[in-house]
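Quick notes on the structure that follows.
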Amino acid sequence: MSEPAAATPVKPKRSVMKLAVIGVVMIGIGAGGAYGLSTAGIIGARAPGKVAHNPQFVRKGEADPYAPPAAEGGEGGEEAEEEEGSGGSEYRIAYYSFAEEFTSNLKESDGLVQLSLAASTRRDGRVLRRLARHELAIRSAVLVVLADTPEPGIDTVEGKARLQKRLTAAINDVLTRNEGFGGVDAVYFKSFLVQ
């Protein structure tokens, strides 16, 4: 009788399958990450002539392609060159000043509040243009916020800070509903009077 032939070891197919699955998963993760970063505008160049839909941050020293026209009296419509500080935010800050004051009754009180506002943005001039375009709707939203503000505490630093946050949110809400994007970073009081 012959001896049985020695069994030849068979390599398991599981290890090859594991490597194949791991490779496919890694490629998928890499492609998904690259797509996400490209969509966010972090990597990759934009196609020439393609404009970002939402207002973009403007770094100090960079030209704002959507800057509003210069105020009257400037030479040839050019803006006076401003020197920007090197400290603070890396982005330039632009301000929009609301033309008229806001006056409203305070919640559950005989008191009145009268104030002047300005808004700031670190994004391009489209935010400033949208503030001007929707000023009527923004005025209405600001007056609603003021009428919903109780008198106690409004004269404190903390009360004013809370009111600034509520006003910023109200303005961004109007812009988001009408334009699809807010862009206002903060609201500032130019004058503030409670009677």
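In region 150-163, the condition of being modelled with pLDDT of 95 or more, under 29 Å from TYR66 (Cα atoms) and not small (Gly, Ala, Ser) is met by no residue.
Could we say that SER86 is over 18 Å from ASP124 (Cβ atoms) and modelled with pLDDT of 70 or more here? Taking the combined requirement at face value, the residue satisfies it.
Take LEU131 and decide whether it is more than 24 Å from PRO68 (Cα to Cα) and not small (Gly, Ala, Ser). Full working, then the answer.
Details: more than 24 Å from PRO68 (Cα to Cα): no; not small (Gly, Ala, Ser): yes.
For LEU131, the condition - more than 24 Å from PRO68 (Cα to Cα) and not small (Gly, Ala, Ser) - is not met.
Of the numbered criteria (1) part of a helix (DSSP H, G or I); (2) closer than 29 Å to GLU90 by Cβ, the one ALA137 fails is (2).
Residues that are in contact (Cβ under 8 Å) with a residue 24 or more places away in the chain and touching a helix residue (DSSP H, G or I) at 6+ places or on another chain (Cβ under 8 Å) within region 147-162 comprise THR149, ILE154, listed in sequence order. Please specify each residue of region 131-174 satisfying the condition of being touching a Phe, Trp or Tyr at 6+ places or on another chain (Cβ under 8 Å) and surrounded by 14 or more Cβ atoms within 10 Å (Cβ to Cβ). Within region 131-174, LEU131, GLU135, ILE138, ARG139, VAL142, LEU143, LEU146, LYS160, GLN164 qualify. Can you give me the number of residues within region 140-159 that are assigned to a helix (DSSP H, G or I) and within 18 Å of ALA170 (Cα to Cα)? Count: 9.
Within region 117-137, residues that are free of Cβ contacts under 8 Å to residues at least 12 places away in the same chain and in the same structural domain as PHE189 (by TED's automatic domain parsing) reach no partner that is in a loop (DSSP other than H, G, I, E, B) and surrounded by 21 or more Cβ atoms within 10 Å (Cβ to Cβ) with beta carbons closer than 7 Å at six or more positions or on different chains.
The values are calculated or read from the model by the stated rules, or taken from the named source; none is laboratory data. Bear in mind the structure is a predicted one, so any value in this text is a computation, not a measurement. Don't worry about glycine lacking a Cβ; one is built from the backbone with ideal geometry, like all the others, and counts go over all protein chains shown.
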